[in-house]
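A short write-up of the structure that comes next.
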Amino acid sequence: MVNPKDKTMEAALIEAGIHLSTASVHQRDRFAYWREAVCDTYVQLECMSDNSTDFTGEIQLNRMPRVSTSIVSGSQQLVRRRRRDIAKATDEWFLLSIQLERHGLIQQCGRIAELGLGDFALYSSIDPYDLSLPDGFRQLVVQIPRHDLLQRLPNADLLTGMTVRGKSEIGGLVRDSVFRLVQAQSAVNPATRHCLEDSIIDLCATGLTTLHGAEAVRTATEHRLIHQADTIIAQRIGDPYLDRAEIAAALSVSVRRLSEVFQAEGTSVASKIRQLRLAGIASDLRNPQFAGWTISAIAMRWGLNNLQHFSRIFRERFGVSPREYRSTNPDGAPKSPMSAGTWE
């Protein structure tokens, strides 16, 4: 079994990759240097420390074409991925942290992963997260393109912020195997390196599938998110600017995350909004309470201001124009001309 404290692996990373250390700059500049180094190495982040004046930190980085690995260590710090950081991003990643020394805490999407020696957890760059790390911590961080992990583990977003125990049989095997592959990456040819990257991603996916109750968490999370989104849609259905971005912001999740959960249910946020609006308009068109309202006023009451677009999607949904729908009873019999209403 590989010792998580094996310095040979770190030496290989230094030789083959990039070595960043606060020891290379003046003490007064060390924390500022560290904040820049963290953002350059991983993703755009905010980094804070209770001991910024005596701060130390070190990153030993190796970038492959798709996967990056690094050993990161240092003083106490809180690393935070914020919405404004996410908004600036052009790439999307999953990151997996394996705890090598001391402990760590990862918080994302309302879940908290407490990492002891040898434990690991996943987190995503497209949702906010916090990493809490104590003095003397050390982690191996694997950075994987989002698309590559989702191909192997479609529900990976719902497994972030959950601890895989290094003491478990599969968890320990995954951890040790990743160590060995990371150590070997500097000594292989390009063709082998491509296969090595696939092996690292496969191992990470394998470890994550062992999470107890992963499927139950997936179902509960999806249902809760959809219920919350449905509530917002119902409350704001008359707002013409309501869209998936507005709903995602209200729920503190990314637009992509919200869309993926709805796609798992065989629908989309836009479709849900559209169908609810059309159902409400159809009900009002035949409701005597709105007999004196024009069709355009009813459409705008439900948040549809583009009347040409409204007419088209209404016909697609009900097979007739809004005027024709209003002029017939639910059984298809025509109403009297006086009750049919007008557009204007």
Residues of region 230-267 satisfying the condition of being of a type in the set (S, T, Y), closer than 28 Å to Q151 by Cβ and without any contact (Cβ under 8 Å) to a residue 12 or more places away in the chain: T267
Within region 94-108, take every residue that is in contact with a Ser or Thr (Cβ under 6 Å, 6 or more places away or on another chain) and surrounded by fewer than 22 Cβ atoms within 10 Å (Cβ to Cβ) and give me the one that is modelled with the lowest pLDDT. Q108
With (1) under 30 Å from R111 (Cβ atoms); (2) at pLDDT below 90 as the list, and A279 as the residue in question, which single condition is left unmet? (1)
Going by the conditions given, is R84 within 13 Å of V142 (Cα to Cα), out of contact with any His (no Cβ under 9 Å at 6 or more places or on another chain) and among the charged types (D, E, K, R)? no
Restricting attention to region 226-237, does a residue exist that is within 19 Å of the chain's Cα centre (by Cα) and exposed (fewer than 13 other Cβ atoms within 10 Å of the Cβ)? yes
In the list S132, S186, S177, which residue meets the criterion of being free of Cβ contacts under 8 Å to residues at least 40 places away in the same chain and either touching a strand residue (DSSP E or B) at 6+ places or on another chain (Cβ under 8 Å) or not aromatic (F, W, Y) (or both)? S177
Of all residues in region 137-158 being modelled with pLDDT under 90 and of a type in the set (A, V, I, L, M, F, W, C), which is surrounded by the fewest Cβ atoms within 10 Å (Cβ to Cβ)? L150
Restricting attention to region 164-180, which residues are at pLDDT 90 or above and either surrounded by fewer than 20 Cβ atoms within 10 Å (Cβ to Cβ) or not assigned by TED's automatic domain parsing to the domain that holds L95 (or both)? R165, K167, S168, E169, I170, G172, L173, D176, S177
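The values are calculated or read from the model by the stated rules, or taken from the named source; none is laboratory data. Bear in mind that the values here come from a model prediction, so they are computed numbers and not experimental data. Counting neighbours? That spans all protein chains shown, and the Cβs are built from the backbone with ideal geometry, glycine included.
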